[in-house]
Amino acid sequence: MRVKSLSKEKRSILILILIVAILTSLFLFLGLTGKNINYFFPRRLRKVLAVFLASYCVGYSSVSFQTITNNKILTPSIIGLDSLYLFLQTIIVFFFGNAGVSKLTGLPNYLLSIGLMVLCSFFLFFGMFKGNSKNLYFMVLAGTIFGGLFSGLASFMQVLMDPNEFSLVQGKMFASFNQMNTDLLSISIVIVAVIAFLARRDFSKLNALGLGQAQAISLGVPYRRTVFRTLMYIAILTAVSTALVGPITFLGILVVSIARNLVSTYRHEIRVPIAVLLGALALLGGLLFVERILHHSTQISVVINFIGGCYFIYLVLKEGKS
Amino acid sequence: MKKRNVFIIILIIASIISVMLGAQDFSLKKALVIGSADNQLLIYSRIPRLLAVLVTGAGLSISGKIMQTMTGNRFVSPTTAGTMEWCKFGILLSILFFGGQSMMMKMMFAFIIALLGSLLFVQLLQRIPLKSPVMVPLIGLMLGNVVSSLTAYVAFQYDLVQNISSWLQGNFSLVVKGRYELLYLGIPFVILAYLYAKKFTIAGMGESFAKNLGLNYKFITIVGFVIVAFLASIITVSVGSIAFLGLIIPNIISIYFGDDLKHTLFDTALLGGIFLLFCDILSRIIVYPYEVSVSVIVSVLGGAIFLFLLFQKNKEGGTV
Amino acid sequence: MIKTRGLSKVYGNKKVVDDISITLPKNKLIAFVGSNGAGKSTLLSLIGRTLDRSSGDCYIDEKEVKDWNSRELAKRLSILSQTNHLNIRLTVHELVQFGRFPYSQGRLTKEDEKKVSEAISYMGMDALKDRYLDELSGGQRQMAYIAMLLAQDTEYVFLDEPLNNLDMKHSVQIMKILTKMVKELGKTVMVVIHDINFVSCYADYIIAMKDGEIVANGPSDEVMKPQMLEKVFGMEIKVEQFGGNNICLYYT
């Protein structure tokens, strides 16, 4: 709202856009020749799109989740939402898989999983927010255990499955950066676009929620409805990003923390774009680093976890000194 | 005292079931005849497995309890503080430099690296200003994360990925005579933990509080982490890592028995042993005659029980 | 006008606020007093709709709180809660701007900006306008929050222990401003305060609570009597006249 600080925020956004644009074009065009362009270009383009979608999902979810839970540390993936998605997918294959595995791996599975995801997170959050569970400690503890519980259940069901059947669907279901699920790209673009449009309209309410629950209610924010809506957006977006590129546990906490460090503003109109751009920067940079410099000798999650973890610890220590 | 007796009875029953259970026909009566096939099976496979499970369960729970007491944080455990990750890194280094043969060498490396890692963790903790309860384990998780990605990277470079994934999940099916005795080395450390229990409790109340009572805070912290690192490293080397056990058991104990380490250490060990034994039995019968990874059972069963307790507690309005 | 009927809040088996029916007078500085755990803050939060009630009704200007549109109600009633720990960094000016949220939903008009500057000036905080809240003292921060309530410009203003942890100077400053808000701006201000002498010197009307129930309620002079106070606080309290005010002596 103040003109002077706005310009600094805008500058940060512009610089980030520039870096992401450079990384994107590097990723798209590096090593492209007249001969291989027809093969490589469409594939790379799809990858870039998947990365952008995932960045939006992670960026928006992490920032808004921290606002509605009023904390600086939790993100949807730290409380196990992406494990929940993987678990749901396993359940679907487990119960409906026998008849027509191929039918339930593509779009129907995707949409069904998203639906179940919304339903489950509703109950999950309902349980966690009920009573006096403003207790952050309780939420982290419960969330982490939930994460372990879901991935435990998922691997348990996978054991129970016919190994052949499982390996058949595994590649299609469980995406990773080496194996992005670009089949679902077009429907994902639609989903993310709709949610992004809806979510934007709540930014001013989220800004007020930054003052805490009681104060937000006092300012006339329909608290319950806003929080509930935001949680549903988060559930859907987590499903989308996990389906496209697989779980990226620490990206969320990384981008929110760096975004907060870069510009200290409460405004979601600024915070969300910055987190999203940082996510794209980290993912594209990571991909380029792994593919061009390390020559695929490791996975991108390893790089992100390493750099992200070190940076996070650095941030905490720096905060300690000031 | 009453609850403890119940624990002991359950432990004995579960132990007998565990020994009886297996793919091969087995009769307890025959097994008592020295030299019989059943007797051999008992000595070379069933008993070692039982002991390995009990020591692992007790060891991880005690480690978790000590860490939680000393940091004054219910959320810290060998997994959430990254101790297990450091152990794996140590094992990797040992394999790189000395090959994968010597268990002793692996254990030494795992121990030293885990101890260094824990001390680094404590150093970091002292540097953060607001020791919010969530921040402590988060730093542990992050640190563990950094180390594990380092491990993954190095392992990939030297083609040791297969090797690593075998320590990722705890597994008791490979435990036979001659492959688990390392775990006995943990016993003196458990006794040490018992002797220091009161001091850990005091240290957990803060450095100034401990100093006020005339305790050498730094020394006690180091003793605590030596015990934790040692138990964690022998367990990782012998059977692999089992997530959550060191987190869940101490928290359950704390809900029902309170937090004085001197009084609860034995119960913690007992419950840890029983719980892991129970999970191990389940893992063997659930898709009989195959085995499910015991880690999976621990995280599902333990997670469910723990969440139930947590929500119960939360509903009553108590603080967690 | 604010009216409650059978308002209750239950945690488990414990009735924190027990069946309270009361009508609050308008254009007064109303103080809620009572021992720890008497239910003052809970009652305030129930009426201020930041806490869900277990049963009963609550009317603001003849209309049930639940039937109010949340935005419209935020133009009639504002509440300042006790814990104001922020995870975000805000300047005083940015915080006060939030007071205009019910009117403009974050898009401030010229009119809104005027109200914001007026509120800041009213609190005498012009010099601190661009400072971040975490750089201020506890008292200054509390003043900034009250400026936000002023900018929200509601007829009813609720404050939950606004003097908590403040020094004498800031406490007096805040009480004087609250009095001014009643006298000059015609507002109805409701506060929870622990220091009985602040209540005695500044409040027009007192509601005394014990174990979730109202044990006394009326104009200050009527409640500030030894028998009444003993009933409320369960201890002997002497009341002496000093400079035209009732002063409670309970230290020995």
Q. Is the shape of chain C rounded, prolate or oblate, going by the alpha carbon gyration tensor and its root eigenvalues a ≥ b ≥ c, with a/c under 1.5 for rounded and a/b larger than b/c for prolate?
A. oblate
(Q) Per-residue Cβ counts within 10 Å, from other chains only, averaged over A:306-313: what number is that? (A) 6
(Q) Relative contact order of the range C:1-107, please, whole-number percent, based on alpha carbon pairs below 8 angstrom and at least 6 residues apart. (A) 27 percent
Q) What spacing in nm lies between the two simple spin-label points modelled at residue B:191 and residue C:52, each 7 Å away from Cα in the Cβ direction? A) 5.7 nm
Q: For residue C:210, enumerate residues with amide H under 5 Å from its amide H, sequence gap 5+ or separate chain, H modeled in the peptide plane.
A: C:215
Q: Treating the angle as unsigned and between 0 and 90°, give the value, to the nearest 10°, between the Cα long axis of helix B:47-71 and the longest Cα principal axis of chain B.
A: 10 degrees
Q: Please say if the range B:220-289 is rounded, prolate or oblate, where rounded means a/c under 1.5 for a ≥ b ≥ c the square roots of the C-alpha gyration tensor eigenvalues, and otherwise the choice is prolate for a/b larger than b/c and oblate otherwise?
A: oblate
(Q) Along its three principal axes, how long is the protein assembly as shown when you only count alpha carbons? Whole Å, largest extent first please. (A) 101, 79, 53
Q: Take A:52, C:101 and sort them by solvent-accessible surface of the protein heavy atoms, 1.4 Å probe, largest at the top.
A: A:52, C:101
(Q) With every protein chain left in place and a probe of 1.4 Å, what is the accessible surface of residue A:295, to the nearest 10 Å²? (A) 130 Å²
Q. What ³J(HN,Hα) values, in whole Hz, does the Karplus curve 6.51 cos²θ - 1.76 cosθ + 1.60 give for the range A:234-239 when θ = phi - 60°, with x put for Gly and Pro?
A. 4, 4, 5, 5, 4, 4
Q) Once all Cα-Cα distances of the range A:248-294 are split into 5 Å bins that start at 0, what whole-number percent is in each one? A) 5, 22, 27, 20, 14, 8, 4, 1
(Q) 7 Å from Cα along Cα→Cβ at both residue A:198 and residue C:21: what's the point-to-point distance in nm? (A) 4.4 nm
**Q.** Pair-distance profile P(r), taking every C-alpha pair of chain B, with 10 angstrom steps and integer %
**A.** 6, 26, 34, 23, 9, 2, 0
Q: Using packing as a proxy for protection, rank C:94-100, C:28-34, C:133-139 so that the peptide with the highest average count of other Cβ atoms within 10 Å comes first.
A: C:94-100, C:28-34, C:133-139
Q) 222 nm [θ] for chain B, helices only, -39500 (n - 2.57) per DSSP H run of 4+, per residue, to 500? A) -23500 deg cm²/dmol
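Give the ranking of C:58, A:120 by solvent-accessible surface, highest area first, calculated with a 1.4 Å probe.
Values: C:58 0, A:120 45 Å².
Accessible-area ranking of C:58, A:120, largest first: A:120, C:58.
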Q: At a 1.4 Å probe radius, which order do A:60, B:153 fall into by accessible area, largest first?
A: B:153, A:60
Q.
Through the Karplus equation 6.51 cos²θ - 1.76 cosθ + 1.60, θ set to phi - 60°, convert the phi angles of the range C:22-38 into ³J(HN,Hα) values in whole Hz; use x for Gly and Pro.
A. 7, 10, 9, x, 8, 6, 9, 8, 9, 10, 9, 10, x, 6, 4, x, 6
Q. Just the accessible area for residue B:146, please: 1.4 Å probe, Å², rounded to the nearest 10?
A. 20 Å²
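Need one number: buried accessible surface between chains C and A, 1.4 Å probe, both sides summed, DNA, RNA and ligands left out, in Å² to 100.
Numbers: alone 12580 and 16320 Å², together 26460 Å².
Rounded to the nearest hundred, the buried surface is 2400 Å².
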Q: Show the residues, 5+ positions off or on another chain, whose built amide H is closer than 5 Å to the amide H of residue C:20.
A: C:6, C:7, C:8
Q.
If you fit an axis through the alpha-carbon atoms of helix B:245-257 and take the longest principal axis of the Cα set of chain B, what angle between them do you get, 0 to 90°, nearest 10?
A. 70 degrees
Q. Taking H as built 1.01 Å from N, whose amide H comes closer than 5 Å to the amide H of residue C:11, not counting residues under 5 places away?
A. C:16
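Kirkwood Rh and Cα-based Rg: tell me the resulting Rg over Rh for the range B:186-320, rounded to two decimals. If you can, show how the numbers build up before the last one.
Details: Rg = 17.2 Å, Rh = 16.7 Å.
On the Cα set of the range B:186-320, Rg over Rh gives 1.03.
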**Q.** Projected label distance in nm at residue B:262 and residue B:282, using a 7 Å step from Cα toward the beta-carbon
**A.** 3.6 nm
(Q) Given the whole protein assembly as supplied and a 1.4 Å probe, what does the accessible area of residue B:267 come to in Å², nearest 10? (A) 10 Å²
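Take every residue in peptide C:90-100, count the Cβ atoms of other chains within 10 Å of its Cβ, and give the average of those counts.
Values: counts 5, 4, 0, 2, 7, 3, 0, 3, 9, 2, 1.
Mean partner-chain Cβ count within 10 Å for C:90-100: 3.
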Q) What is the mean number of Cβ atoms from other protein chains located within 10 Å of the Cβ atom of each residue in peptide C:26-33, rounded to a whole number? A) 0
Q: List, in the order given, every pair from B:2/C:15; C:75/C:169; C:75/C:110; B:218/B:262; C:14/C:75; A:72/C:129 whose Cα-Cα distance in the structure shown is over 29 Å.
A: B:2/C:15; C:75/C:169; C:14/C:75
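The values are calculated or read from the model by the stated rules, or taken from the named source; none is laboratory data. Note that the coordinates shown come from a computational prediction; the quantities given were computed from them, not determined experimentally. A quick note on method: Cβ atoms are made from the backbone with ideal geometry, for glycine too, and the neighbour counts reach across all protein chains shown. These area figures cover heavy atoms from the full protein model, side chains too; ligands, DNA and RNA do not enter into them. Shrake-Rupley method; radii C 1.70, N 1.55, O 1.52, S 1.80 Å.
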